[in-house]
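Below: the structure, in structure tokens.
The values are calculated or read from the model by the stated rules, or taken from the named source; none is laboratory data. Keep in mind the model is a prediction, meaning the values are calculated, not measured. When we count neighbours, we look across all protein chains shown, and the Cβ atoms used for this are built from the backbone with ideal geometry, even at glycine.
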Amino acid sequence: MLHTGDAAGLSVLLNFGISVKFCELANKPIRMVSMKDIIKTANSNNGVTNEELQSILDDVLNEAGKKPLKKILLLPPDFTRMHSGAGKITAMIYSKLKDTVQVDIMPALGTHDPMSREQIDAFFEGVVPFDKVITHNWREDVVRIGEVPASFVSEVSEGLINNPVPIEINKRLLDPSYDLILSIGQVVPHEVVGMANYTKNLLVGCGGKDTINHSHILGAVFGMERIMGKDHSPVRKVFDYAQEHFLNNLPLVYILTVTTASHDVVKIEGVFAGNSRKVFEAAVELSREKNLIWLDKPIQKAVVYLDPREFKSTWLGNKAIYRTRMAMADGGELIILAPGVKKFGEDENIDKLIRKYGYKGRENTLKKYNENADLQENPSAAAHLIHGSSDGRFTITYAVKHLTREEVEGVGFNYMPYEEAERKYKPEGITDGYYEGSEETYFYISNPALGLWSVKGK
């Protein structure tokens with residue numbers, strides 16, 4: 001039987017040195033924000049303009065800040081969401097308020113590496129100083145604010161998981177000195193929750209080890225092909241429960257985007273702001289229209305490029321697998337061009353687990369999970385290993401510069417030197433879609449993070 005770890009109660013958690021003050025705050029009203037929903041979709045092929053975006057943000061701040069703002073917290077994504085438009089939005093808000101309001105910025109890192117000085121400068125368009133960015137530590141900076149009961153988890157998972165899900169968030173979110181918390185990010189198909197962002201930005205991006213572990217294994221066991229591109233997944237239902245029971249006392253407003261990109265130019269297709277679920281649902285509808293790519297037939301051979309600025313690990317780069325798997329033909333071939341990938345896990349401990357157990361298929365991973373304490377202590381790693389395997393249905397080749405053949409083959413992938421793959425599969429001027437070369441035809445994807453590919457009728 002799958003074991004997902006025991007959830008410690010709040011009273012136990014306090015014995016480990018978490019401040020009682022923060023835990024008490026989780027059960028007391030701080031200051032809810034009352035505001036109308038703001039929904040704006042692009043009027044032209046150029047997307048939402050900077051002028052329109054500034055007007056939307058002004059409306060958000062006017063609505064949410066009916067009392068004078070003294071201190072606010074911005075929760076954008078990190079550089080791995082470089083095409084989200086969230087960096088621009090954060091920079092605009094910071095520029096508008098920095099002279100009169102204390103603006104703290106804490107990227108929703110989840111398990112990812114902290115942003116570098118260069119990434120901060122690029123993502124926030126040179127506007128946000130490096131020393132204004134706070135690093136979220138998913139292992140140490142969190143407090144438990146509640147627990148989604150086992151009965152609810154069992155119901156939404158169709159009985160596959162029968163354990164409660166602890167809810168942990170960064171303790172800074174409970175600081176009563178913040179007049180407003182703005183959660184900023186992109187709605188796009190996602191392998192764990194179905195559609196990214198909204199409450200995921202807080203509960204995973206700013207969440208703790210136990211929440212991340214339990215939610216990831218829930219999604220993996222339920223099956224990502226049943227989840228991706230859909231709203232009401234088991235993980236989303238767990239997050240909705242947490243929103244209703246544990247987050248509604250926060251001065252929280254969401255600013256959600258839907259984007260597309262071509263030749264590294266980001267187009268904001270829509271902006272959705274408010275604190276009702278309706279803004280997320282509207283964003284999901286637009287994302288499904290803009291970010292789901294439906295094909296007439298399965299792909300026999302796919303080539304996916306990973307921008308080295310964004311993808312430095314297979315933990316991130318395996319989006320090339322997640323987002324194409326529903327379009328891949330049985331017996332097909334997936335080649336991943338990964339010039340920036342230098343490691344497997346973003347987290348050192350998880351990197352070791354990936355190297356130890358590899359991407360060896362769902363059944364093998366579940367077997368190893370049940371037999372080994374180190375995987376049981378890190379369910380998100382086990383979930384990632386399940387996600388990163390094709391279960392033998394198609395082959396996966398990583399073309400890399402910074403990992404050896406032994407390292408790549410050791411985790412279960414095929415290996416190709418990057419320079420060889422680049423010469424063969426990335427000719428100058430190649431664009432997304434089918435490419436007919438002199439020797440073979442393949443389907444090219446320039447950024448897997450921006451979409452989900454599937455076959456019509458699947």
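Residues in region 393-401: is at least one at negative phi, at pLDDT below 95 and buried (at least 18 other Cβ atoms within 10 Å of the Cβ)?
So the first thing to find is which residues in region 393-401 are at negative phi, and the list is 393-401.
Filter again for at pLDDT below 95, leaving none.
The answer is no, given that none of the residues of region 393-401 is at negative phi, at pLDDT below 95 and buried (at least 18 other Cβ atoms within 10 Å of the Cβ).
For region 89-123, which residues satisfy the criterion of being over 24 Å from residue 347 (Cα atoms) and either β-branched (Val, Ile, Thr) or touching a strand residue (DSSP E or B) at 6+ places or on another chain (Cβ under 8 Å) (or both)? Outline the logic, then answer.
Residues of region 89-123 over 24 Å from residue 347 (Cα atoms): 89-104.
Hits for region 89-123 are 89, 90, 93, 94, 97, 100, 101, 102, 103, 104.
Results for (1) assigned to a strand (DSSP E or B); (2) surrounded by fewer than 22 Cβ atoms within 10 Å (Cβ to Cβ); (3) touching a His at 6+ places or on another chain (Cβ under 7 Å); (4) hydrophobic (A, V, I, L, M, F, W, C), shown as yes or no for each residue.
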position: 213; (1), (2), (3), (4): no, no, no, no
position: 217; (1), (2), (3), (4): no, no, no, yes
position: 225; (1), (2), (3), (4): no, yes, no, no
position: 231; (1), (2), (3), (4): no, yes, no, no
position: 244; (1), (2), (3), (4): no, yes, no, no
position: 256; (1), (2), (3), (4): yes, no, no, yes
position: 260; (1), (2), (3), (4): yes, yes, no, no
position: 266; (1), (2), (3), (4): yes, yes, yes, yes
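Could you tell me which of the residues 55, 44 is free of Cβ contacts under 8 Å to residues at least 12 places away in the same chain, surrounded by fewer than 17 Cβ atoms within 10 Å (Cβ to Cβ) and under 17 Å from residue 260 (Cα atoms)? It would help to see each step written out before you state the result.
Working: 55 fails: under 17 Å from residue 260 (Cα atoms).
One residue alone meets the criteria, 44.
Given the structure, is residue 282 modelled with pLDDT of 95 or more, on the phi < 0 side of the Ramachandran plot, assigned by TED's automatic domain parsing to the domain that holds residue 436 and aliphatic (A, V, I, L, M)? Please lay out each step first, then the result.
Working: modelled with pLDDT of 95 or more: yes; on the phi < 0 side of the Ramachandran plot: yes; assigned by TED's automatic domain parsing to the domain that holds residue 436: no; aliphatic (A, V, I, L, M): yes.
It is false that residue 282 is modelled with pLDDT of 95 or more, on the phi < 0 side of the Ramachandran plot, assigned by TED's automatic domain parsing to the domain that holds residue 436 and aliphatic (A, V, I, L, M).
Look at region 77-100 and say how many of its residues are charged (D, E, K, R) and in a loop (DSSP other than H, G, I, E, B). Before you say what the answer is, go through the steps one by one.
Here is the first cut: in region 77-100, the residues charged (D, E, K, R) are 78, 81, 88, 96, 98-99.
Imposing the further condition that a residue be in a loop (DSSP other than H, G, I, E, B) reduces the set to 78, 98-99.
Looking only at that region, the number is 3.
Within region 406-428, identify whether any single residue is assigned by TED's automatic domain parsing to the domain that holds residue 335, aliphatic (A, V, I, L, M), at pLDDT below 95 and surrounded by 14 or more Cβ atoms within 10 Å (Cβ to Cβ), and answer yes or no.
Taking region 406-428 as the starting set, the residues that turn out to be assigned by TED's automatic domain parsing to the domain that holds residue 335 are 406-428.
Now narrow it down to the ones that are aliphatic (A, V, I, L, M): 408, 411, 416, 421.
Still in the running and at pLDDT below 95: none.
Taking every residue of region 406-428 in turn, none turns out to be assigned by TED's automatic domain parsing to the domain that holds residue 335, aliphatic (A, V, I, L, M), at pLDDT below 95 and surrounded by 14 or more Cβ atoms within 10 Å (Cβ to Cβ).
Mind listing just one residue for me: the one in region 70-88 that is in contact with a strand residue (DSSP E or B) (Cβ under 6 Å, 6 or more places away or on another chain) and among the hydrophobic types (A, V, I, L, M, F, W, C) and, of those, nearest to residue 307 (Cα to Cα)? Before the answer, list the steps.
From region 70-88, those in contact with a strand residue (DSSP E or B) (Cβ under 6 Å, 6 or more places away or on another chain) are 71-77, 81, 83-86; that's our starting set.
Of the ones still in play, those that are also among the hydrophobic types (A, V, I, L, M, F, W, C) are 72-75, 86.
Working: 72: 33, 73: 30, 74: 26, 75: 24, 86: 18 Å.
The residue in question is 86.
Quick check on region 96-154: of everything there that is crowded, with 17+ Cβ neighbours inside 10 Å and among the small types (Gly, Ala, Ser), which residue is modelled with the lowest pLDDT?
Looking at the filtered set, the residue picked out is 110.
Give me the pairs, please: first residue somewhere in region 309-329 and farther than 17 Å from residue 361 by Cα, second residue anywhere and assigned to a strand (DSSP E or B) and charged (D, E, K, R), beta-carbon distance under 9 Å, and either six or more positions apart or on two chains.
The qualifying pairs are 312/343; 313/343; 329/301.
Does region 339-370 hold any residues that are basic (Lys, Arg) and in a helix (DSSP H, G or I), and which are they? Steps first, please.
Taking region 339-370 first, the residues basic (Lys, Arg) are 342-343, 352, 355-356, 360, 362, 367-368.
Passing the criteria: 352, 355, 356, 362, 367, 368.
Among the candidates 143, 127, 153, 103, single out the residue that is part of a loop (DSSP other than H, G, I, E, B) and either more than 11 Å from residue 78 (Cβ to Cβ) or of a type in the set (Asp, Glu) (or both). Spell out the reasoning first.
On the way: 143 fails: part of a loop (DSSP other than H, G, I, E, B); 153 fails: part of a loop (DSSP other than H, G, I, E, B); 103 fails: part of a loop (DSSP other than H, G, I, E, B).
When all the criteria are applied, what remains is 127.
Quick one: count up the residues across region 66-80 that are under 24 Å from residue 107 (Cβ atoms) and surrounded by fewer than 19 Cβ atoms within 10 Å (Cβ to Cβ). I'd like the intermediate steps shown before the answer.
Initially, region 66-80 is screened for residues under 24 Å from residue 107 (Cβ atoms), giving 69-80.
From what is left, the residues that are surrounded by fewer than 19 Cβ atoms within 10 Å (Cβ to Cβ) are 69-71.
Matching residues across region 66-80 total 3.
Can you name the number of the only condition in (1) surrounded by 15 or more Cβ atoms within 10 Å (Cβ to Cβ); (2) farther than 22 Å from residue 245 by Cβ; (3) in contact with a Leu (Cβ under 9 Å, 6 or more places away or on another chain) that residue 166 fails?
So the condition that residue 166 fails would be (2).
Sort out which residues of region 295-319 are in contact with a Ser or Thr (Cβ under 9 Å, 6 or more places away or on another chain) and either under 15 Å from residue 394 (Cα atoms) or small (Gly, Ala, Ser) (or both), and write them in order of number.
299, 300, 301, 302, 304
Can you pull out the residues in region 262-275 that are out of contact with any Asp or Glu (no Cβ under 6 Å at 6 or more places or on another chain) and not basic (Lys, Arg)?
Of region 262-275, the ones out of contact with any Asp or Glu (no Cβ under 6 Å at 6 or more places or on another chain) are 262-273, 275.
Listed by number, the residues that qualify are 262, 263, 264, 265, 266, 268, 269, 270, 271, 272, 273, 275.
Taking region 321-347 only, how many residues are over 20 Å from residue 434 (Cα atoms), of a type in the set (Lys, Arg) and touching an Asp or Glu at 6+ places or on another chain (Cβ under 8 Å)?
1
Residue-by-condition table, conditions (1) under 18 Å from the mean Cα position of the chain (by Cα); (2) modelled with pLDDT of 95 or more; (3) closer than 24 Å to residue 194 by Cβ; (4) not aromatic (Phe, Trp, Tyr):
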{"residue": "260", "(1), (2), (3), (4)": "yes, no, yes, yes"}
{"residue": "305", "(1), (2), (3), (4)": "no, yes, no, no"}
{"residue": "314", "(1), (2), (3), (4)": "yes, yes, yes, yes"}
{"residue": "336", "(1), (2), (3), (4)": "no, yes, yes, yes"}
{"residue": "348", "(1), (2), (3), (4)": "no, no, no, yes"}
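For region 268-307, give me each residue that is touching a strand residue (DSSP E or B) at 6+ places or on another chain (Cβ under 7 Å), among the basic types (Lys, Arg) and in contact (Cβ under 8 Å) with a residue 60 or more places away in the chain.
Pass one, region 268-307, residues touching a strand residue (DSSP E or B) at 6+ places or on another chain (Cβ under 7 Å): 268-275, 279-280, 282-284, 286-287, 290-295, 297-306.
Those still in the list that are among the basic types (Lys, Arg) too: 290, 297, 301.
Those that are touching a strand residue (DSSP E or B) at 6+ places or on another chain (Cβ under 7 Å), among the basic types (Lys, Arg) and in contact (Cβ under 8 Å) with a residue 60 or more places away in the chain: 297, 301.
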